[in-house]
1. Return yes when V12 is in a strand (DSSP E or B), aliphatic (A, V, I, L, M) and free of Cβ contacts under 8 Å to residues at least 60 places away in the same chain and no when it is not.
2. Could you say which residue among Y90, Y77, Y64 is within 14 Å of A33 (Cβ to Cβ), in contact (Cβ under 8 Å) with a residue 12 or more places away in the chain, touching a helix residue (DSSP H, G or I) at 6+ places or on another chain (Cβ under 9 Å) and of a type outside the set (K, R)?
3. Restricting attention to the range 1-59, which residues are of a type in the set (S, T, Y), touching a strand residue (DSSP E or B) at 6+ places or on another chain (Cβ under 8 Å) and farther than 21 Å from E85 by Cβ?
4. Can you name the residue in the range 59-73 that is in contact with a Lys or Arg (Cβ under 9 Å, 6 or more places away or on another chain) and among the hydrophobic types (A, V, I, L, M, F, W, C) and is also surrounded by the most Cβ atoms within 10 Å (Cβ to Cβ) among such residues?
5. Take the range 15-34 and flag every residue that is part of a loop (DSSP other than H, G, I, E, B) and surrounded by 12 or more Cβ atoms within 10 Å (Cβ to Cβ).
6. Which one is surrounded by the most Cβ atoms within 10 Å (Cβ to Cβ), of the residues in the range 74-102 that are outside any strand (DSSP E or B) and within 13 Å of the chain's Cα centre (by Cα)?
7. Provide a single number: the residues in the range 35-56 that are among the basic types (K, R) and in a loop (DSSP other than H, G, I, E, B).
8. Write out, first by first residue and then by second, each pair whose Cβ atoms fall under 8 Å of each other, whose residues are 6+ apart or on separate chains, and whose first residue, in the range 35-58, is farther than 16 Å from K75 by Cα and surrounded by 12 or more Cβ atoms within 10 Å (Cβ to Cβ) while the second is of a type in the set (F, W, Y) and modelled with pLDDT of 95 or more.
Amino acid sequence: MYWRDVVTLKAVTEGRDADGYPKEKITETTVFADVSSTKRSEFYAARQAGISLALTVKLRAADYNGQERLSFEGKEYKVERAYTEAREYYELNCSEYREASE
């Protein structure tokens, strides 16, 4: 692992603005990671479930606290699946994030 990429993890909490309308509060944490394309088997298994995986991010377990979004090279991604390897690293499978239509 080279830890050559920089990603920004985003923890999202729901709240309300001053007028009482729903508003997201986003807490960002920038960390080093290894970003790669998704493995073929994971990509096609996710497609069968209606999810289009875009990339895989590997990072240290100490850096990940269950954040549900991240940004990398100007694009926003949603963490679809996170799993740990020997409790030392996390591997995040991510799809491109799309805002919900109203």
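The values are calculated or read from the model by the stated rules, or taken from the named source; none is laboratory data. Model, not experiment: these values are computed from the prediction. No Cβ is skipped: glycine too gets one built from the backbone with ideal geometry, and neighbour counts run over all protein chains shown.
1. On the way: in a strand (DSSP E or B): yes; aliphatic (A, V, I, L, M): yes; free of Cβ contacts under 8 Å to residues at least 60 places away in the same chain: yes.
Here the answer is yes, as V12 does meet what is asked.
2. Details: Y77 fails: touching a helix residue (DSSP H, G or I) at 6+ places or on another chain (Cβ under 9 Å); Y64 fails: touching a helix residue (DSSP H, G or I) at 6+ places or on another chain (Cβ under 9 Å).
Criteria check complete, one pass: Y90.
3. T8, T13, T27, T30, S52
4. The extreme case among them is L70.
5. none
6. It comes out as Y97.
7. Within the range 35-56, the subset among the basic types (K, R) is 39-40, 47.
When the remaining residues are screened for being in a loop (DSSP other than H, G, I, E, B), the result is 39.
The qualifying residues number 1.
8. K58/Y89; K58/Y90
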